[in-house]
Amino acid sequence: QVQLVESGGGLAQAGGSLRLSCAASGRTFSSYTMAWFRQAPGKEREFVGVINRRGEGTYLADSVKDRFIISRDNAKNMVYLQMNSLKPEDTAVYYCATGWRGGRYYDINGYDYWGQGTQVTVSS
């Protein structure tokens with residue numbers, strides 16, 4: 001069992017930055033692929049990005065790949081999402097996820113564990 005707790009959300013102006021954090025419980029954090037998703041009001045949850053177990057490889061959705069950075073610190077059981085050049089369309093609840101069972105890493109059904117989410121609101 002893995003528990004995930006996101007933090008760092010809030011209100012930002014367009015063009016600004018926020019850094020989200022996700023704290024994970026469990027001794028085997030370094031064995032987990034970690035992902036970020038987001039869900040805007042009235043929309044389906046969508047993939048934001050993923051980072052492999054060692055943090056050597058990341059993949060970001062086209063909509064954020066030039067603005068967001070995913071990183072992790074396995075010693076601290078933490079994963080981060082640095083969000084730069086924020087846009088109003090980035091407004092959403094952001095979730096971290098893990099327990100990837102294989103398949104397509106952008107598939108929300110491929111993850112066993114989810115955090116409760118943190119709200120990000122970007123004003124124009």
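No value in this document is a laboratory result; all are computed from the given coordinates. These numbers come from a predicted model, not from an experiment. As a convention, Cβ positions derive from the backbone with ideal geometry for all residues, glycine included, and neighbour counts pool all protein chains shown.
Relative contact order of the chain, taken over Cα pairs closer than 8 Å and 6 or more residues apart, is 35 percent.
Relative to the Cα centre, what is the charge dipole magnitude of the chain, using +1 at the beta carbon of each Lys and Arg, -1 at the beta carbon of each Asp and Glu, and rounding to the nearest 20 debye? Before the final figure, lay out each step's value.
Working: 14 positive and 11 negative charges, 57 e Å.
That gives a dipole near 280 debye.
Below 19 Å, Cα to Cα, which aspartates and glutamates can LYS43 reach? Residues fewer than 8 away in the same chain don't count. Of all the aspartates and glutamates, those that pass the test against LYS43 - Cα under 19 Å, at least 8 places apart if same chain - are ASP62, GLU89, ASP90, ASP107.
Rank by packing, highest mean first: peptides 70-80, 91-101, 36-46, with packing defined as the count of other Cβ atoms within 10 Å averaged across residues. List each step's numbers first, then the result.
On the way: 70-80: 17.2, 91-101: 20.7, 36-46: 14.7.
Top of the packing list down: 91-101, 70-80, 36-46.
What separates the Cα centres of the stretch 13-46 and the stretch 76-124 is a distance of 3 Å. Can you give the % of DSSP beta bridges in the chain that are antiparallel, to the nearest 5? Antiparallel bridges: around 90 percent, rounded to the nearest 5.
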